[in-house]
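The values are calculated or read from the model by the stated rules, or taken from the named source; none is laboratory data. Quick caveat, the model's predicted, so the values are computed rather than measured. Glycine also receives a Cβ, built like all others from the backbone with ideal geometry; neighbour counts cover every protein chain displayed. Side chains included, ligands, DNA and RNA excluded: accessible areas come from the protein's heavy atoms. Shrake-Rupley method; radii C 1.70, N 1.55, O 1.52, S 1.80 Å.
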Amino acid sequence: MEKYKKTFGNLGEDAAVKYLKKKRYIILERNFNVHGGEIDIIAKKGDYVIFVEVKTRSGEEYGSGLEAVNYTKQQRIKKAAQVYLMRLGDVPARFDVVAVNGFMDGKKFKIEEIEHIENAF
């Protein structure tokens, strides 16, 4: 089950990357890890560096993907973002959430909806 959840999450992240690229975001990094935090996608659009948390769901039984980005998760993302921003210096940044709702149709991932909240926290 854990492997399925990881694979499902990765498919959602892939869908989020494609979605962001269509909106002319430049993807800088994926799965940026530091002690105490991880950022799913780091992108750039205009002058902004955007830290994107992706939540993939196959239904609402555990709540929406947006609801899953709680205060504790936000703090971990912010901590990782601080480390990343130390490399770049003084640049404007924001935090977005992309919620991907989809399901597996055989071996193919089908997207039902993508919701993108800019400046989510």
Fill in the blank from the handout: residue 109 meets each of (1) out of contact with any helix residue (DSSP H, G or I) (no Cβ under 7 Å at 6 or more places or on another chain); (2) touching a residue at least 12 places away in the same chain (Cβ under 8 Å) with one exception, condition (1)
Exercise for the section: Could you tell me whether any residue of region 47-58 is open to solvent by 70 Å² or more (accessible area, probe 1.4 Å), more than 21 Å from residue 6 (Cα to Cα), in a strand (DSSP E or B) and aromatic (Phe, Trp, Tyr)? Expected result: yes
Completion exercise
Those residues of region 7-40 which are free of Cβ contacts under 8 Å to residues at least 40 places away in the same chain and open to solvent by less than 40 Å² (accessible area, probe 1.4 Å) amount to 17, 25, 40
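Working carefully through the options 91, 83, find the one that is of a type in the set (A, V, I, L, M, F, W, C) and part of a helix (DSSP H, G or I).
One residue alone meets the criteria, 83.
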Practice task
Evaluate region 104-114: report whether one residue or more is over 18 Å from residue 17 (Cα atoms) and not in a loop (DSSP other than H, G, I, E, B).
Solution key: yes
Exercise for the section: Mind counting the residues in region 60-89 that are modelled with pLDDT of 90 or more and of a type outside the set (A, V, I, L, M, F, W, C)? Expected result: 12
Completion exercise
Taking region 7-17 and keeping residues of a type outside the set (Gly, Ala, Ser) and either within 12 Å of the chain's Cα centre (by Cα) or over 11 Å from residue 109 (Cβ atoms) (or both) leaves 10, 11, 13, 14, 17
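Conditions tested, residue by residue: (1) acidic (Asp, Glu); (2) touching an Asp or Glu at 6+ places or on another chain (Cβ under 7 Å).
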site	(1), (2)
38	yes, no
43	no, no
48	no, no
52	no, yes
68	no, no
100	no, no
110	no, no
Handout entry: Test set (1) under 17 Å from the mean Cα position of the chain (by Cα); (2) open to solvent by 50 Å² or more (accessible area, probe 1.4 Å) - residue 83 fails condition number
Key = (1)
